[in-house]
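Below is one structure, written out as structure tokens; comments come after it.
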Amino acid sequence: MDAKTQSLACATDAPTRAVVGRFAPTPSGRMHLGNAFSCLMAWLAARSAGGRMVMRVEDLDPRAQDRDVARQLMDDLRWLGLDWDEGPYYQSDRGELYEAAIRSLEDRGLTYPCFCTRAELHAATAPHASDGTYLYQGTCRGLGPQEVARRSALRPPATRIMVPEADDPAGMVAFRDLGYGAQREVLAQGCGDFLLRRSDGVVAYQLAVVVDDGEMGVTQVVRGRDLLGSAARQAWLARTLGYEPPEFGHVPLLVAPDGRRLSKRDRDLDLGVLREQLGDARRVVSMLASHVGLCQQGELLHADQLVERFSWDAVAAHRADIVMG
Ligand code: GLU
């Protein structure tokens, strides 16, 4: 690795920062067992390192702005025995911060308007399997001011950030994921110029997450491996905005026996049903922890009893998705 590439390596190389972890649930429905698992891992990872936790509700999408749903998610976490030291912050309250970050990138000439429709984007390139994103081909990168004005009159554009060219080492991100080990991505080949703001004006997840993690002093991001593919982009964007990127620790997903990712359709695995059926949070917590070797099957432990048993070595030895029978 040359010097530029190394400078993008994440906080794993700088273990002196006190750990600040976070919960970042999207309130689009009742908490699901899969979310409960990533939240438990995030909490155990932070607490076992003597760290703090921040609660951030990711309700940027207008469909996810129901505060009652958010309160229910937080209640489910508390029921599981998971707590936090700061927040809740609501992304829907933080629009000005995100817009200021986008403006600063615009002022540096790093952004451009994009008029591609969703259909055009998906026709041009196959979506990545894991996180539903795609490699943007830079279709709108070279539009001149007149063409931008002409198209803007027809429909509002989205905003994208320009990632470095494929042969520019500044766009090669390398880091060690605490769960999945060494990762390396050339942004121009992995995602291309990515979205900062959608054409309907909603700030993109990638931008909001990076600004929030940066502003909240988050040093450790623990979440499902479906977002592993976003980590390089986020580390690079954090650096570009002047933040120290967090270290990342991705954890396996919970899947149905046919390999399908558990979804909201699997109602029997949401916390509403489980709380009623099982009554005792230890049964949920211990079952989840046993899948990554933190306790034996059949042991009954509270979340705080697992803190001293937590180790990334144990979690990282279980990279395969967890099949729920
Ligand atoms: N809000 C996202 C979710 O609920 C998590 C985002 C993140 O952890 O970066 O899946």
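Every number in this text was worked out from the coordinates using simple rules, so none of it is lab data. Predicted, not measured: the structure shown is a model, and the values here were computed from it. Ideal geometry is used to build each Cβ from the backbone, glycine not excepted, and the neighbour counts take in all protein chains shown.
Structural remarks
- Binned Cα-Cα distance frequencies in the range 140-186 - 10 Å width, integer %: 20, 30, 23, 18, 9
- Top positive-direction residue, dipole computed over the range 231-302 with Cβ charges, set Val251, Thr240, Ala281: Thr240
- Neighbour-count ranking [beta-carbon atoms within 10 angstrom, fewest first] of Met41, Met31: Met31, Met41
- A straight line joining the Cα centroids of the range 59-99 and the range 220-292 runs 16 Å.
- Cβ crowding within 10 Å, taken as a proxy for footprinting-reagent exposure, orders His32, His318 from fewest neighbours to most as His318, His32.
- Using R0 = 45 Å, the C-beta based FRET efficiency linking Gln297 and Arg184 works out to 0.80.
- Taking each residue as 0.36 nm, the span from Asp85 to Thr139 lengthens on full extension beyond its C-alpha to C-alpha distance by 15.0 nm.
- Debye intensity ratio in log₁₀ form over the Cα atoms of the range 212-251, taken at each q of 0.30 Å⁻¹: -1.06
- Dipole size of the range 149-299 about its Cα centre, with +1 on Lys/Arg Cβ and -1 on Asp/Glu Cβ: approximately 580 debye, rounded to the nearest 20.
- Rounded to the nearest 20 debye, dipole of the chain from Cβ charges on Lys, Arg, Asp, Glu: 480
- The charge dipole of the range 223-266, taken about the Cα centre with unit charges on the Cβ atoms of Lys, Arg (+1) and Asp, Glu (-1), comes to about 180 debye, rounded to the nearest 20.
- Cubic angstrom per residue, convex hull over Cα atoms of the chain: 138
- Residue order, fewest to most beta carbons within 10 Å, for Thr111, Thr16: Thr16, Thr111
- Orientation-averaged projection of the range 52-120 equals 7.3 nm² [convex hull of Cα atoms, one quarter of hull surface area].
- Size-normalised alpha-carbon gyration radius of the range 47-180, reference 2.2 N^0.38 Å: 1.40
- Length gained when the stretch Arg67-Glu106 is fully extended (0.36 nm per residue, less Cα-Cα span): 10.8 nm
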